[in-house]
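Beneath this line is the structure, given in structure tokens, with notes to follow.
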Amino acid sequence: MFENLQDRLGSILNGLTGRGALSEADVSAALREVRRALLEADVALDVVRSFTDRVREKAVGAEILKSIKPGQMVVKIVHDELIEMLGGEGVGIDLHAAAPVVVMMVGLQGSGKTTTTAKIAHRLSTREKKKVLMASLDTRRPAAQEQLRQLGAQASIDTLPVISGQSPTDIAARAVQAAKLGGHDVVILDTAGRTHIDEPLMVEMADIKKRSNPHEILLVADSLTGQDAVNLARNFDDRVGITGLVLTRMDGDGRGGAALSMRAVTGKPIKLIGVGEKMSELEEFHPRRIADRILGMGDIVSLVERAAENIDAEKAAAMAAKMAKGKFDLDDLADQLRQMQKMGGMGGIMGMMPGMSGMKDKMAAAGLDDRLFGRQIAIIQSMTKAERANPDLLKHSRKKRIAAGSGTDAAAINKLLKMHRQMADMMKMMGGKGKGGMMKQMMGGLAGKMGLGGLGGMGGGMPDLSNIDPKQLEALQKQAEAAGLGKPGGGMPGLGGLPGGLPGLGGAKLPGLGGGFSGLPGLPKKK
């Protein structure tokens, strides 16, 4: 969502960091460009004015202009003010009230209220082990109540049985009563929406609020609607009194202005963001992490959290044991590719790595997208069990059969096999004996240079990321930034000074891909 803004701000601020001394005129010229970039990203005018005024006030002080690195100081000020504009600290759903805690969902029709209701219920039940009851108060939209019931069945969440003819306020009262009798911790009320704000809608919301006494009133807004979403938030807050915002479709290609404006305009925190269609694709909103992404500093903490959620611990342990023996077959390669898809694909991972956000365009130009992973998995799935375990069996006739089964050709299969051989060789090196193998030594050295040895964990000093609590993750992020990981375009420490490089891979290359992108099937070779 923030890609255009990220590109614009990145180029403006890189222009400042490359300069020795800065004059007031330099700062003013850069801020004019920042102002234009924010307005083009659909940020509200009064929010942009306030933002640039605060930055200018801090950026033209003597301590900045006489600083050793004035450009980097301006970047820091922009970063800090961006965090402030987005709300400072992240705020989650407040469940500190007598059970059942009532959460009321409001918003316009089509903003994704019903789906978001199910996602929140799924999140609370899986992450916080809460017993949740969902109730649909939408008696107008055809099959709205049935939609929520099906989502509940899909996610194994209780839903209030439908009684035809009841008014929304009566359903709300019945839901609260049913939650008390059923021993539920949370009851989520999915209210009706309209295509636009009108008086009957507001009266209905006020009546539901009166009858159910909600602890949280969350406004669900489509982040693609731009400034209209800001006006919507203001109106709902004036009439009903919202406690927080949930932005949907943050994975879309909108300009991101609504997300930047709504917190500043309403003063209400953005609590959650929808980043996809699946039940699990709902994330907490962390202002610092979003600001880091916008300024191209990456988001290591979110990447680690996503990895901890998606990587199967048992499979990872089995893989580590195989690596230690130097074994790596095509089933293992397919597992690796599926895990990358779950974590948001190559683009999603790159966007969260410090200094790597600019790589996404280069990857797209080279034809490296997530469809490529799908084709690779299709090739592997078209093989027999014996062929996957022993690729040496693959002669010409077998390759013809696999190509027909996967809709590819022999050349793509050969490239996949070459990539597998390279990765298998690398795994043998990493699983070698002596001090826990090359991989453990490499990760331990990287951890030492980042100053992360004190977090404890896997041998060699690299922390076991799956067992770190959120506060430790935030500490990890800050230590990484202090070590130079979080600087725009600054590269990662201990990696041979390579801008955005990966360990030991000689620049912007990926492991086992034949010295760059050309090792992947379906991509042209270097000339």
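The values are calculated or read from the model by the stated rules, or taken from the named source; none is laboratory data. A quick note: this is a predicted structure, and the numbers were derived from the prediction, not measured. Glycine gets a Cβ as well: all are built from the backbone with ideal geometry, and neighbour counts include every protein chain shown. Just the protein is used for accessible areas: all its heavy atoms, side chains included, with ligands, DNA and RNA removed. Shrake-Rupley method; radii C 1.70, N 1.55, O 1.52, S 1.80 Å.
Along the Cα→Cβ direction, 7 angstrom out, place labels at Met429 and Asp53. What is the inter-label distance in nm?
5.8 nm
Which ³J(HN,Hα) values in Hz, rounded to whole numbers, follow from the phi angles of the range 233-243 under the Karplus curve 6.51 cos²θ - 1.76 cosθ + 1.60, where θ = phi - 60° and Gly and Pro get x?
Values, residue by residue: 4, 5, 5, 5, 5, 5, 8, 10, x, 7, 9 Hz.
Which links in Lys180/Lys268; Lys119/Lys385; Lys278/Lys327; Lys322/Lys385; Lys119/Lys180; Lys180/Lys342 stretch past 27 Å when you go from one Cα to the other?
With Cα atoms farther than 27 Å apart: Lys180/Lys268; Lys119/Lys385; Lys278/Lys327; Lys180/Lys342.
I'd like the Karplus ³J(HN,Hα) series for the range 399-411: coefficients 6.51, -1.76, 1.60, θ = phi - 60°, whole numbers in Hz, and an x wherever there's a Gly or Pro.
For the range 399-411, the Karplus curve yields 5, 4, 5, 5, 4, 5, x, 9, x, 10, 9, 4, 5 Hz.
Scaled to the compact-protein estimate 2.2 N^0.38 Å, what is the alpha-carbon radius of gyration of the range 101-285, rounded to two decimal places?
0.95
With every protein chain present, what accessible area does Lys209 have (1.4 Å probe, heavy atoms only), rounded to the nearest 10 Å²?
80 Å²
Once R0 is set to 35 Å, what does the formula 1/(1 + (r/R0)^6) return for the Cβ-Cβ distance between His396 and Arg371, expressed as a FRET efficiency to the nearest 0.05?
0.85
Would you pull out the residues with amide H under 5 Å of Ile270's amide H, same chain only if 5 or more places away, H placed 1.01 Å from N?
Leu245
Can you work out ³J(HN,Hα) from phi for every residue in the range 192-208, in order, using Karplus 6.51 cos²θ - 1.76 cosθ + 1.60 and θ = phi - 60°, giving whole Hz and x for Gly and Pro?
Taking θ as phi minus 60°, the curve returns 6, x, 10, 6, 8, 6, 9, 5, x, 4, 5, 5, 4, 4, 5, 5, 5 Hz for the range 192-208.
Taking the Cα centre of the range 101-285 as the origin and placing charges on Cβ (Lys, Arg +1; Asp, Glu -1), which of Ala221, Ala206, Leu160 is farthest toward the positive end of the dipole?
Leu160
Given the whole protein assembly as supplied and a 1.4 Å probe, what does the accessible area of Met250 come to in Å², nearest 10?
About 20 Å², ignoring ligands and nucleic acids.
Starting from the Cα-Cα distance between Lys385 and Gln154, subtract it from 0.36 nm times their residue separation and give me the gain in nm to one decimal.
Result for the pair: 79.9 nm of gain on full extension.
Can you tell me the relative contact order of the range 101-285? Whole percent, Cα pairs under 8 Å, sequence separation 6 or more.
26 percent
What is the extension gain from Glu33 to Asn235, computed as 0.36 nm multiplied by their sequence separation minus the C-alpha to C-alpha distance, in nm to one decimal?
69.6 nm
At a Förster distance of 41 Å, what's the computed FRET efficiency of Ala317 paired with Ala143, Cβ-Cβ distance as r, to 0.05?
0.35
Residues with amide H under 5 Å of Thr159's amide H, sequence separation 5 or more or different chain, H placed in the peptide plane at 1.01 Å from N; which?
The answer is Met134.
Can you give me the solvent accessible area of Asp198 with a 1.4 Å probe, rounded to the nearest 10 Å²?
It works out to around 40 Å².
List every residue whose amide H lies under 5 Å from the amide H of Ser167, counting only residues 5 or more places away in sequence or on a different chain, with H placed 1.01 Å from N in the peptide plane.
Under 5 Å from the amide H of Ser167 lies no amide H from a residue far enough along the sequence or on another chain.
At 1.4 Å probe size, put Glu314, Glu216, Glu146 in order of accessible surface, largest to smallest.
Glu314, Glu146, Glu216
For the pair Ser23 and Val162, how long in nm is the line joining their label points, each one 7 Å along Cα→Cβ?
That separation, rounded to one decimal, is 7.0 nm.
Taking the simple approach of a point 7 Å from Cα along Cα-to-Cβ for both Gln177 and Glu89, what is their distance in nm?
So the two model labels end up 4.0 nm from each other.
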